[in-house]
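S.K.: Let me begin by handing over the structure; questions about it come next.
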Ligand code: HEC
């Protein structure tokens, strides 16, 4: 799926809601595991902190990277919807990246009685 028809990020500017959703996805979908919670990178993956200013990383290219993965990055085309990927791109390209709300504790399952 190389061409996304009318993706949300093509609109002049991503909405704050998208940026926030992307921040949560970035944390919850495991991106932080390799790229770090602060986006500064880890031994596993490069920093994404300044990707917004990197002209080589267009929204299209970021989208493709997330969809298809890379050398050591797994593809997320099966686990993320186009909309979620657009949210992640909005987050990565946000001028001021929103801080995601605190991680929820382990999925709340009904407590034993
Ligand atoms: C298993 C580790 C791993 C996970 C999980 C991971 N990445 Fe990556 N990512 C990498 C590596 C390694 C690279 C460097 C290029 C390559 O090998 O693919 C990379 C590159 C990137 C790039 C391009 C930036 C660059 O300088 O190469 C983007 C954008 C990116 N990742 C976003 C994400 C997002 C968003 C997620 C979560 C949906 C994610 N990554 C999850 C390992 C990971």
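The values are calculated or read from the model by the stated rules, or taken from the named source; none is laboratory data. From a predicted model like this one, the values you see are computed outputs, not experimental measurements. For neighbour counting, all protein chains shown are included, and Cβ atoms are generated from backbone atoms with ideal geometry for every residue, glycine included.
S.K.: Does residue 12 satisfy the condition of being modelled with pLDDT under 95, out of contact with any strand residue (DSSP E or B) (no Cβ under 9 Å at 6 or more places or on another chain) and under 19 Å from residue 96 (Cβ atoms)?
M.R.: Yes: the conditions hold for residue 12.
S.K.: Here's another thing I want to ask about it. Take residue 95 and decide whether it is at pLDDT 95 or above, outside any helix (DSSP H, G or I), more than 9 Å from the ligand (Cβ to nearest atom) and loosely packed, with under 12 Cβ neighbours inside 10 Å.
M.R.: Against the criterion (at pLDDT 95 or above, outside any helix (DSSP H, G or I), more than 9 Å from the ligand (Cβ to nearest atom) and loosely packed, with under 12 Cβ neighbours inside 10 Å), residue 95 does not qualify.
For every residue, the table says whether it meets (1) in a helix (DSSP H, G or I); (2) under 13 Å from the mean Cα position of the chain (by Cα); (3) under 20 Å from residue 19 (Cβ atoms).
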position: 49; (1), (2), (3): no, yes, yes
position: 52; (1), (2), (3): yes, yes, yes
position: 57; (1), (2), (3): no, no, yes
position: 62; (1), (2), (3): yes, yes, yes
position: 67; (1), (2), (3): yes, yes, yes
position: 70; (1), (2), (3): no, no, no
position: 91; (1), (2), (3): yes, yes, yes
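S.K.: Moving on to the next point. Looking only at segment 75-90, filter to residues that are under 16 Å from residue 33 (Cβ atoms) and more than 6 Å from the ligand (Cβ to nearest atom); which one of those is surrounded by the fewest Cβ atoms within 10 Å (Cβ to Cβ)?
M.R.: 79
S.K.: Only one of 43, 53, 72 is surrounded by fewer than 13 Cβ atoms within 10 Å (Cβ to Cβ) and touching a residue at least 12 places away in the same chain (Cβ under 8 Å). Can you tell me which?
M.R.: The conditions single out 72.
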